[in-house]
Structures are given as C-alpha cells and as structure tokens.
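To start, the structure under review is shown below, and the notes come after it.
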Amino acid sequence: MKMQAMVLDRHGGPEVLERREIELADPGPREVRVKVAAVAMNHMDLWIRRGLPHIKHEYPHRLGCDIVGTVDALGPGARGVSAGDRVMVQPGLSCGVCAACVAGRDNLCKQYRIHGENAQGGYAEYINVPDANLLALPDGLGFVDAAAMPLCTLTAWQAIIRKGKVGPQHTVLIHAAGSGVSSIAIQIAKLLGARVISTVGSPEKVQRAREIGADEVIVYTQQDFVAECKRLTAKRGVDVVLDHVGGEVFEKSVLATAWGGRVVTVGATAGYAPNIDLRHVFFRQIEILGSTMGSKGDLAEAMPLIADRRIKPVVGMVLPLWDARTGHEALENRRVFGKVVFEVNT
Ligand SMILES: [Zn+2]
C-alpha cells in the first residue's frame, strides 16, 4: 500500500527529512500493521539523522522508535491483538529464540535492533511490527502522552531498578531533568522512596524539575554539581548516579559518588572517552554499570504505573509529523523540556 512518510535518503541536518509517498509491504508472518497516531523523538533520532558509520540503513529510512496507534491489519498467524486495538509498540526487536531472549533479556540479543535505528521506524502513517512488540494501551491514556513513554520508561526502569538497585535509603543524582530518560528516572526513583538530586541547564527549568519530583535541583551552568552533591549529603556523596552525558560530566559523576556507590552509564552525548582516575573507583569501591534500553518485560512491568499515572509523561512540544524538521531543531538546540511528540493521521 501507499503511505505518507517523513524519510531520509542521506544524512545531515534537519533538511534531509522529507515528506514523501512510499510503498509499505503487507505485514508478514506474525507481523501487525499499526496505523501510527503519534511518534516521539529521542536523541537517537538526531544521531541516526546525522549518520552513524556502523549502521546499515535501508533507504528511504524512517526514524522513530516511540510509536503508538491502532491495529490496522494482521499478517498471517499474528496473535494477541485485533483490528482497532489501541497499542504501544515496544522499541526493541530481537530474535525471540536465543538464550538472552528466552531469559527475558532481549536487549542482550545479538540480533537486537531498534525501530528507526537499524530497522524502519514510525515517522510514517503506518508501520509493520512483530506481534510480540505490541502492548495494549491503557484506557484514558492519550496517544501523545503514550508516545512519550516507551523508550525512556524501559531505559529508566533497567537503569534505576535493575542496575542502580535504588532504594529508600539512597540519594540519587539524575543528570538533566528535562531529558526523556531522566524525567521518567526521577519519578521511578521517587516511587522507590529515594531522595533525588537532579541538574538543569538554566534557572527557568528548576521549577519543572521539582514538579517531576526532584527534591534538590542544581543549575549545572552556575553551580559545581560535585560540590553541591557533597553539600547536600553531608560530604558523603550520592549513592547512585544516572549518567547519560558522558565526557567530563562522567568524570565528575564518579567524584560525586559515595564510597560503595554506583554510577550507571546509559549514554555519552558529551563524549565517550572520559579520563577516570581509577584510584577513585577501586579505593572508594565504586561500581560503574553499563545499561542500554531495557527488556520488553521491563516496559510490560511498568505499564500498570503508566496506566494509573504514577509515572507520567513529560511532553515539551507537540507537532504534526510533517513538521519534524522543527522538532529536530528544537531538540538539537535543547530548547525543549520533555519529549517532542509528532502527531500522525490526525
Ligand atoms: Zn535473541
């Protein structure tokens, strides 16, 4: 069938995104065609648009891994949903049969892929996805709010609960409250009873960070977050850090961590080769843990909390998909607090 999509044939600035009519194949075995209602942006969209050398794309490529909509058609043998069902799409794709997949750790699958990264994404009117990637949308949760949730929820769930092992006895430092993952991580850490310190880049964002749940907010452009973390913890340092910034910030995250604490790294937007003084790591017995995405089970586990609004989306900008270039510019220039969500088929 023919459909409208925002595609890219080459990599570069927002101008490489183009609206075009393209052909979508019928859903294959155990696939489901979803009519996309909304698709949210992630930093991944920017990296893929700019181009990453190790990823092979099939052009025209569609970005977008945070996808919600309604079931439009079922491929042969597809299970679990019916036409018209409101659904959330799991961002991660995996083989389903390897040891990691059957253990419920599909984000460790050797064939793990992500919609919009190394598989086609949701910047389009429709997308075909495996039936195993669909979750029922809770009643009362609108498409725009729902689209803001999948990737950041499963990423924050694994990082805060499984890797960070956050509990009520902990003070947690979560960088950049306005980022998608951090805005959900703050809420999860609060639900676990922890005390949360977060950072923002400008004073106008302090109130927003507090509204999400941060107990203490540091304006990192004006204050040294290591000194502030020490001050706020009677010189002890924080028990857990969620760091998706990398670079010098990661070096300082290690310094802000208490003896025996944990630093969870989920990304490196500011540089992937920090200089870490290992004496701080071994002598103070700090654990450094890597975390990428989360399993399908993590998102399924979080759904009841999404349904009853104990975890709320933080949406900063809503645009028609056909204005995706504007959304890319806003996220790139850090002009937005919360998720950029594109509406489709409205
Ligand atoms: Zn697998």
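The values are calculated or read from the model by the stated rules, or taken from the named source; none is laboratory data. On a predicted model such as this, the values are computed, not experimentally measured, just so you know. No Cβ is skipped: glycine too gets one built from the backbone with ideal geometry, and neighbour counts run over all protein chains shown.
Structural remarks
- Filter result for the condition that a residue is small (Gly, Ala, Ser), in contact with a Phe, Trp or Tyr (Cβ under 7 Å, 6 or more places away or on another chain) and either touching a residue at least 60 places away in the same chain (Cβ under 8 Å) or assigned by TED's automatic domain parsing to the domain that holds Val39 (or both), over Gly316, Gly267: Gly316
- Failed condition for Ile218, given (1) part of a helix (DSSP H, G or I); (2) aliphatic (A, V, I, L, M); (3) free of Cβ contacts under 8 Å to residues at least 24 places away in the same chain: (1)
- A search for C-beta distances below 6 Å between a residue of segment 141-161 that is charged (D, E, K, R) and any residue that is outside any helix (DSSP H, G or I), counting only pairs 6+ apart in sequence or on different chains, returns Asp145/Pro313.
- Filter result (touching an Asp or Glu at 6+ places or on another chain (Cβ under 7 Å) and without any contact (Cβ under 8 Å) to a residue 40 or more places away in the chain) within segment 320-346: Pro320
- Any hit, segment 262-269, residues being in contact with a Leu (Cβ under 8 Å, 6 or more places away or on another chain), in a loop (DSSP other than H, G, I, E, B) and modelled with pLDDT of 95 or more: yes
- Members of segment 114-126 found to be within 16 Å of the ligand (Cβ to nearest atom) and out of contact with any Lys or Arg (no Cβ under 9 Å at 6 or more places or on another chain), listed by number: Ile114
- Note on segment 31-57: residues that are crowded, with 20+ Cβ neighbours inside 10 Å and part of a strand (DSSP E or B) amount to 9.
- Single match in Gly267, Gly327, Gly297, Gly316 (criterion: under 17 Å from the mean Cα position of the chain (by Cα) and over 21 Å from Ala156 (Cβ atoms)): Gly327
- Of the strands (runs of 3 or more DSSP E) lying entirely inside segment 281-346, those carrying at least 3 residues that are crowded, with 16+ Cβ neighbours inside 10 Å are 315-320, 339-343.
- Residue list for segment 1-13, restricted to those being over 21 Å from Val71 (Cβ atoms) and crowded, with 18+ Cβ neighbours inside 10 Å: Met6, Val7, Leu8
- All of (1) within 16 Å of the ligand (Cβ to nearest atom); (2) among the small types (Gly, Ala, Ser); (3) surrounded by fewer than 16 Cβ atoms within 10 Å (Cβ to Cβ) hold for Gly28 with one exception: (1).
- Number of residues in segment 72-113 that are within 14 Å of the ligand (Cβ to nearest atom), farther than 12 Å from Ala132 by Cα and not in a helix (DSSP H, G or I): the value is 10.
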